[in-house]
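The values are calculated or read from the model by the stated rules, or taken from the named source; none is laboratory data. Since the structure is predicted, the reported quantities are computational estimates derived from the model, not experimental observations. Here the Cβ positions follow ideal geometry from the backbone for every residue, glycine too, while neighbour counts run over all protein chains shown. Calculation scope for accessible area: heavy atoms of the full protein, side chains included, ligands and nucleic acids excluded. Shrake-Rupley method; radii C 1.70, N 1.55, O 1.52, S 1.80 Å.
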Protein chains: 2
Amino acid sequence: MSDMTSTADAPRSPGRPRSIRADEAIIEATLDLLAEGSTIEALSIEAIATRAGVGKATIYRRWAGKDALLLDALRRLKGVMPQPAGDSVRDDLLLLVGAIGQNADPRASKIMPCLVPAVNRSPDQFQLYQNIIAPRRQLMREVLRRGIEEGLLRADIDVEVTMALLTGPMLIQRVLQWNPDLDGRKLPAQVVDTVLDGIRAR
Amino acid sequence: MSDMTSTADAPRSPGRPRSIRADEAIIEATLDLLAEGSTIEALSIEAIATRAGVGKATIYRRWAGKDALLLDALRRLKGVMPQPAGDSVRDDLLLLVGAIGQNADPRASKIMPCLVPAVNRSPDQFQLYQNIIAPRRQLMREVLRRGIEEGLLRADIDVEVTMALLTGPMLIQRVLQWNPDLDGRKLPAQVVDTVLDGIRAR
DNA sequence: CATTAACGATACGGAACCGATCCGTATCGT
DNA sequence: ACGATACGGATCGGTTCCGTATCGTTAATG
């Protein structure tokens, strides 16, 4: 998996080279089908080939099977990580929280729910998931630590728990549509401000 | 679907009555298979029949198809709702938050992730999901409103957002294992107390 | 132009699951 | 004992998918 085309440089190539368009088409077809609601195991190589306008053999020539293909396709989905400005802790948190479940690729939000069961079943896919979200989590961790150093945030908070508090509501709402009454646009600010100030009267 | 055995009372019944054991076995087999990691559409009537020690015909005699069977099986899973004591708002929240993703049936937490994709795809199953969690949400809503009336909680908080704040972290942790470093046992208290007091220094 | 390999298309055997139907048996009310 | 019905088990034809094989075609190299 993911040796893919080339090892670059080399002057080699006897026969017809592999078409980059086919690579693209296969990956795109995979993501499209997932985004349209297919589950991972309902997803078939045949369907992908048809959708991509490609022979099945062309897929098997590149990947060992569905799993290897999926791995590559999902990697391609990742999207851009937001970059906190560093001026205001609240603004930075707002940026990171607002980005949760909103990737550059609009298909991502439709695909993520399909992965939940897989993540729980296969340690490999769990690790893949963790690898994808780890950098984002690290970003939020740094913002919170900075807030503590600056004295804006209490020094005794548990940073990991706080991250769960900021992330959880966004995820269940965007991935699970947990509460239809909530407004997805206003939610990031509401979450950040409520976590900052708490709900206890004083 | 769900006409099932009986309409109670009636003196009717010419032939051999349906075995309650078969009903039980079929439902149990369905839940077991789901809990073992089968996805909804990977789940087959044959597998269920085999696991239940039952002929396929026995299943088709009771339900129109897989969907109808699943609906009944999931209803059976619901489990017991916690009952807030009403003395302390914090204790009540702790009880409700601690119960999230922890049903009476230990299989529930393994099955829930499998439902996430289905919930997003089918309006019917989305409605089913909403119907299951609605009573629990109502319970938490009432505790929060009581807290406001008692003056313990600020009057200007958004109750729906607060519920998402309390529920989200528990769900992503228990369903998704979002952060392996978090301690599931301590989490409810940490979530409740952090939401109550906020993280801002003062 | 000859060579070489990837191309799209299609077919294959094998497997899994579906809904439907039929056994012969077991268990009810009458 | 009798009809009626449910039981577990088995089988059928149809569908879908997998992974491989084989077409004639196409595109680069030499």
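Considering only segment B:71-123, state which residues are closer than 21 Å to A:Pro113 by Cβ and either among the β-branched types (Val, Ile, Thr) or away from chain A (no Cβ under 14 Å) (or both).
So the first thing to find is which residues in segment B:71-123 are closer than 21 Å to A:Pro113 by Cβ, and the list is B:71, B:73-74, B:77, B:100-101, B:103, B:107-123.
Those that are closer than 21 Å to A:Pro113 by Cβ and either among the β-branched types (Val, Ile, Thr) or away from chain A (no Cβ under 14 Å) (or both): B:Leu71, B:Ala73, B:Leu74, B:Leu77, B:Ile100, B:Asn103, B:Ile111, B:Val116, B:Val119.
Just give me the residues in segment B:142-169 being touching a Gly at 6+ places or on another chain (Cβ under 6 Å) and either open to solvent by 40 Å² or more (accessible area, probe 1.4 Å) or touching a residue at least 12 places away in the same chain (Cβ under 8 Å) (or both), in sequence order. Within segment B:142-169, B:Leu153, B:Pro169 meet the criteria. One residue alone among B:Glu160, B:Glu149 is farther than 19 Å from B:Leu115 by Cα, at the interface with chain A (Cβ under 9 Å from one of its Cβ atoms) and of a type in the set (D, E, K, R), and that residue is B:Glu160. Scanning segment B:53-76 for residues that are assigned to a helix (DSSP H, G or I), touching a helix residue (DSSP H, G or I) at 6+ places or on another chain (Cβ under 6 Å) and open to solvent by less than 20 Å² (accessible area, probe 1.4 Å), we see that the one that is nearest to DNA strand D (Cβ to nearest atom) is B:Ile59.
Filtered by the rule that a residue be at pLDDT 85 or above and in contact with a helix residue (DSSP H, G or I) (Cβ under 7 Å, 6 or more places away or on another chain), segment B:1-27 gives B:Ala22, B:Ala25, B:Ile26, B:Ile27. Right, B:Leu166: modelled with pLDDT of 95 or more, under 17 Å from the mean Cα position of the chain (by Cα) and over 17 Å from A:Arg202 (Cβ atoms) or not? It is true that B:Leu166 is modelled with pLDDT of 95 or more, under 17 Å from the mean Cα position of the chain (by Cα) and over 17 Å from A:Arg202 (Cβ atoms).
Annotation note: of A:Ala85, A:Ala22, A:Ala49, A:Ala29, the sole residue that is open to solvent by less than 30 Å² (accessible area, probe 1.4 Å) and either among the aromatic types (Phe, Trp, Tyr) or under 22 Å from the mean Cα position of the chain (by Cα) (or both) is A:Ala29. Report whether or not A:Leu139 is within 7 Å of chain B (Cβ to nearest Cβ), open to solvent by 20 Å² or more (accessible area, probe 1.4 Å) and aliphatic (A, V, I, L, M). Answer is no for this residue. Annotation: A:Ile172 fulfils all but one of (1) out of contact with any helix residue (DSSP H, G or I) (no Cβ under 6 Å at 6 or more places or on another chain); (2) at pLDDT below 95; (3) at the interface with another protein chain (Cβ under 8 Å from one of its Cβ atoms); the unmet one is (1). Pairs are defined by a Cβ separation below 7 Å, a sequence spacing of at least 6 or placement on different chains, a first member in segment A:28-47 that is not assigned by TED's automatic domain parsing to the domain that holds A:Val175 and charged (D, E, K, R), and a second member that is modelled with pLDDT under 85 and crowded, with 20+ Cβ neighbours inside 10 Å; the pairs so defined are A:Glu41/B:Thr39. Among the residues of segment B:27-70, those that are more than 8 Å from DNA strand C (Cβ to nearest atom), within 13 Å of chain A (Cβ to nearest Cβ) and not hydrophobic (A, V, I, L, M, F, W, C) comprise B:Glu36, B:Gly37, B:Ser38, B:Thr39, B:Glu41.
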